[in-house]
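What follows is a set of notes on a single structure, which appears directly below.
The values are calculated or read from the model by the stated rules, or taken from the named source; none is laboratory data. Please read these numbers as outputs of a predicted model, since none were measured by experiment. Note that we place each Cβ from the backbone using ideal geometry, even for glycine, and neighbour counts take in every protein chain shown. The accessibility values were calculated without ligands, DNA or RNA, using every heavy atom of the protein model including side chains. Shrake-Rupley method; radii C 1.70, N 1.55, O 1.52, S 1.80 Å.
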Amino acid sequence: MKQQSAPGGFRRLRGLIRKEFYQIVRDPSAIAIAFLMPVGLLILFGYGVSLDAKHVPIAIVVETPDAATADLTRSFERTEYFEPVRMADMSAAVDALTYHRVDAIVHLRGNFARRLHEEKGAPIGVVINGVDANTARLISGYMEGVWLNWLGDRARSEGTQLLTPVDLRQRIWFNAEVRSRNFLVPGLIAVIMTLIGALLTAMVMAREWERGTMEALLVTPATMGEIILGKLIPYFILGMGGMALSVAMALWVFDVPLRGSLWMLTGTSALFLLAALGMGLLISIVAKNQFIAGQIAIVVTFLPAFLLSGFLFDIGSMPVVVQYITHIVAARYFVAILQSVFLAGDIGSVILPNAAALVLLAAVFLGLSRKKARKRLE
Amino acid sequence: MLHRIIALTIKEILSLLKDKKSRFTIVVPPIVQLLVFGYAATYDLNDVPFAVYDEDRSVASRDLAAGFTGSPHFTLTHRITHQAEIADLIDRKAVLLAIHIGPDFSRDLLTGGGAQLQVIVDGRNSNTAMIALNYVREIVNRFNQAWLVKTGGREPPARLNIRAWYNANLESRWYIVPGIAGLLTLVVAMLVTALSVAREREQGTFDQLLVTPLRPVEILVGKALPGFMIGMAEATLIILIAVFWFEVPLRGSLAALYIGLFLFLMSGIGVGLMISSLSVTQQQGLLGAFLFLVPAVILSGFTTPIANMPAIVQKLTLLNPMRYFMVVLRGVFLEKAPWSLMISQYWPMALIGLATLTAAAWLFRHRIN
């Protein structure tokens, strides 16, 4: 008997999958989710999101223009990081800062040239709009760069050398030219795939319950496991298609290097997708109706994947309690894997633990889905 | 007319809040998320693990290394003795950066400078790498300054005197938490509106609503009001948490904040209702909600400045109500911004709100099935 039921189960599964595919084709929103969303969002964000500030507008106020101030002002004008505007006095500059027309003010007082020869040196007053602390830090770093260059030039023109006791040599591995796109694009793929996974499956079980078609499925010989698999397989195929499209765009549209292997990327993506789809299924089964499933999906997918995955914000710097919470966000593991596979290579000691965590999460989500769904039968 | 609107509003509120799961989803997660995200979303680095490879082992090199171990940003996790260990530690993310002090360090330092300090940093997240390098530069600058004073060298002829206004200690939490308040307000507006018409369409009750004496404007008001009430209440709670729990200063006027909040909710609800009345199924409504929510958040200047985006994307952000609300939030919380700056944020939100609400009301009757 058992031997006979196996091919029967396979035939039933095929039937369920075919049914799901018909439904997908009839309401094309699922296809839009899998293919249109990654393309649209990646183009928008790949070009739109950048942490590299250039041409920062700044105001320069020189109280008494002379050779020394002209020299320093030119240093600010030469760099591509700043877009300086000369202003007559501080009140005009403060006005520009208040109305966000400039992000910083450089202020050279009337006695600047004279104080250059004093022992303590002349102060270069800088005011930065500190609201965006990250950008403000970048700006103050750029300011220091300009200042050091100017000091070096000045020392050379006087026939001496600038005395710096310790000379800092920095090397940035895996992303030498510091393109923020190289880490943002893999991170965005993880966020987008989280959305796709949940969106594809969050509604499907709830829809069957809501419309009463689940009862119809339950009276067929198909088991709950087969029903769930019948839902999972078509959306898994769609999701992998979307993933392939995203990776192709990362490589050929955004020129992100792929230093690891394609099979590692495919394997880990499959694991992640299982976890993401599993979460969607669980939402769908717990919610019972589409309205609530949709609400839960909005709340638990996007923002956690965006803010708690380490894609933008360093997890190690978060408070310990929050670090624990990040462990239930599947995107966290996928971001770590993607950033390594794209930029560094197949590094087993990074990929294995993260892949294991994905397996665990997928098992938990799918296992819970199976259990909750079976309970509803009784 | 008024009592019809009130009756519809009550029905809408009941359909949102009578179900325990729906009530829970609308109220609890946004508050919990504010607390979690408020702590999580910061660009400041703490306790970054680093390795020291000190070949010099002199007083000076230990002095320099002490600058790192003493900093709250760094934690020394590995002292290494071979060059090859650096690659291994960084590859497996055991450390974010390694500092390498060569064998000639103290000799070069004593004979006139130019002693090299090599810093190798993991650039997989290049933003984190750049922030860490900024801290490194500060530490090295401090060491240099102290060394010059100690050895009687001449200080540079000019020095930078950098001050930051509005956020003197450059705490990124002050920047991020008001932003999260805006984010969660938008999420709540979407939760309440994006699926509401779609659900009624799918279940057929929307057609029943259309054949009642209710005019489209009345239906619109009845559908929008619960969103306003729930959104206002939750946003107030979120603002209270930002001020009293996260201790973000609130320097501007509450009136400026609430005018902005009202207009922002209006535009968010307008977009939500428009998406909802465009959709035939709830699946489409959910897709629409995400297709609006995700770009609205990422292209708002919440985490990455709009000024860094290419010109064409910057133009696109003009359609995003969130973009304006971010300026209002940060303007009121931190800058005590002037009214004229606020007004130039208010009217685009009002325009977006009016346009989308009108479109939603029109779509109620004209959506072709």
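Checking the condition of a type in the set (Gly, Ala, Ser), modelled with pLDDT of 95 or more and surrounded by fewer than 19 Cβ atoms within 10 Å (Cβ to Cβ), which residue from B:Ala359, B:Ala311, B:Ala355 passes?
None of the others qualify; the one that does is B:Ala355.
Would you mind stating whether A:Leu277 is among the hydrophobic types (A, V, I, L, M, F, W, C) and crowded, with 23+ Cβ neighbours inside 10 Å? First the steps, then the outcome.
On the way: among the hydrophobic types (A, V, I, L, M, F, W, C): yes; crowded, with 23+ Cβ neighbours inside 10 Å: yes.
Yes: the conditions hold for A:Leu277.
For the criterion of being at pLDDT 90 or above and part of a strand (DSSP E or B), A:Val94 fails. Listed here are the helices (runs of 4 or more DSSP H) enclosed by region A:1-88 that have at least 2 residues being at pLDDT below 90 and under 33 Å from the mean Cα position of the chain (by Cα): A:2-26, A:37-48. Given the condition open to solvent by less than 10 Å² (accessible area, probe 1.4 Å), at the interface with chain A (Cβ under 7 Å from one of its Cβ atoms) and not in a helix (DSSP H, G or I), answer yes or no: does some residue in region B:146-158 qualify? Yes, region B:146-158 has at least one match.
Looking at B:Arg4, B:Arg23, which is the one that is in contact with a Leu (Cβ under 7 Å, 6 or more places away or on another chain), surrounded by fewer than 19 Cβ atoms within 10 Å (Cβ to Cβ), under 27 Å from B:Leu195 (Cβ atoms) and more than 13 Å from every other protein chain (Cβ to nearest Cβ)? I'd like the intermediate steps shown before the answer.
Working: B:Arg23 fails: more than 13 Å from every other protein chain (Cβ to nearest Cβ).
Result: B:Arg4 is the single residue among B:Arg4, B:Arg23 that is in contact with a Leu (Cβ under 7 Å, 6 or more places away or on another chain), surrounded by fewer than 19 Cβ atoms within 10 Å (Cβ to Cβ), under 27 Å from B:Leu195 (Cβ atoms) and more than 13 Å from every other protein chain (Cβ to nearest Cβ).
The numbered conditions (1) out of contact with any Gly (no Cβ under 8 Å at 6 or more places or on another chain); (2) closer than 22 Å to A:Met318 by Cα; (3) within 7 Å of another protein chain (Cβ to nearest Cβ) are all true for B:Asn167 except (1).
Among the candidates A:Ile228, A:Ile233, A:Ile196, which residue alone is farther than 21 Å from A:Leu265 by Cα, among the hydrophobic types (A, V, I, L, M, F, W, C) and in contact (Cβ under 8 Å) with a residue 24 or more places away in the chain?
Result of the check over A:Ile228, A:Ile233, A:Ile196: A:Ile228.
When A:Arg26, A:Arg78 are checked against the criterion of being open to solvent by 70 Å² or more (accessible area, probe 1.4 Å) and farther than 30 Å from A:Leu200 by Cα, a single residue qualifies: A:Arg78. Taking the criterion of being part of a helix (DSSP H, G or I) and open to solvent by 30 Å² or more (accessible area, probe 1.4 Å), the residues of region B:331-351 that qualify are B:Trp339, B:Ser340, B:Ile343, B:Ser344, B:Trp347, B:Leu351. Considering region A:56-67, the residues that are open to solvent by 20 Å² or more (accessible area, probe 1.4 Å) and aliphatic (A, V, I, L, M) include one that is farthest from A:Arg101 (Cα to Cα), namely A:Ala67. Checked across region A:107-127, the condition of being within 7 Å of chain B (Cβ to nearest Cβ) and closer than 27 Å to B:Leu45 by Cβ holds for at least one residue. With respect to the stated conditions, B:Leu291 fails to be hydrophobic (A, V, I, L, M, F, W, C) and modelled with pLDDT of 90 or more.
Mind checking whether some residue in region B:50-57 is hydroxyl-bearing (Ser, Thr, Tyr), outside any helix (DSSP H, G or I), open to solvent by less than 50 Å² (accessible area, probe 1.4 Å) and within 23 Å of A:Pro304 (Cβ to Cβ)? Please lay out each step first, then the result.
To start, the set of residues in region B:50-57 that are hydroxyl-bearing (Ser, Thr, Tyr) comprises B:53.
Then keep just the ones that are outside any helix (DSSP H, G or I); that gives B:53.
The next check asks that each one be open to solvent by less than 50 Å² (accessible area, probe 1.4 Å); those that pass are B:53.
Among the residues that remain, those that are also within 23 Å of A:Pro304 (Cβ to Cβ) are: none.
There is no residue in region B:50-57 that is hydroxyl-bearing (Ser, Thr, Tyr), outside any helix (DSSP H, G or I), open to solvent by less than 50 Å² (accessible area, probe 1.4 Å) and within 23 Å of A:Pro304 (Cβ to Cβ).
Quick one: which residue in B:Leu195, B:Leu191, B:Leu183, B:Leu263 is within 23 Å of B:Ser344 (Cα to Cα), touching a residue at least 24 places away in the same chain (Cβ under 8 Å), within 14 Å of chain A (Cβ to nearest Cβ) and open to solvent by less than 30 Å² (accessible area, probe 1.4 Å)? Please lay out each step first, then the result.
Numbers: B:Leu195 fails: within 23 Å of B:Ser344 (Cα to Cα); B:Leu191 fails: within 23 Å of B:Ser344 (Cα to Cα); B:Leu263 fails: within 14 Å of chain A (Cβ to nearest Cβ).
Going through B:Leu195, B:Leu191, B:Leu183, B:Leu263 in turn, just one is within 23 Å of B:Ser344 (Cα to Cα), touching a residue at least 24 places away in the same chain (Cβ under 8 Å), within 14 Å of chain A (Cβ to nearest Cβ) and open to solvent by less than 30 Å² (accessible area, probe 1.4 Å): B:Leu183.
B:Ala255 meets the conditions (1) without any contact (Cβ under 8 Å) to a residue 12 or more places away in the chain; (2) within 14 Å of chain A (Cβ to nearest Cβ); (3) more than 24 Å from A:Ile292 (Cβ to Cβ) in every case but one. The failed one is (2).
This table checks each residue for (1) small (Gly, Ala, Ser); (2) closer than 16 Å to B:Leu286 by Cβ; (3) modelled with pLDDT under 85; (4) buried (at least 24 other Cβ atoms within 10 Å of the Cβ).
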site	(1), (2), (3), (4)
A:Asp167	no, no, yes, no
A:Phe174	no, no, no, no
A:Val178	no, no, yes, no
A:Arg181	no, no, yes, no
A:Thr194	no, yes, no, yes
A:Gly197	yes, yes, no, yes
A:Gly212	yes, no, yes, no
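Only a single item in (1) assigned to a helix (DSSP H, G or I); (2) at pLDDT 90 or above; (3) open to solvent by less than 10 Å² (accessible area, probe 1.4 Å) is not met by A:Val256, and it is number (1).
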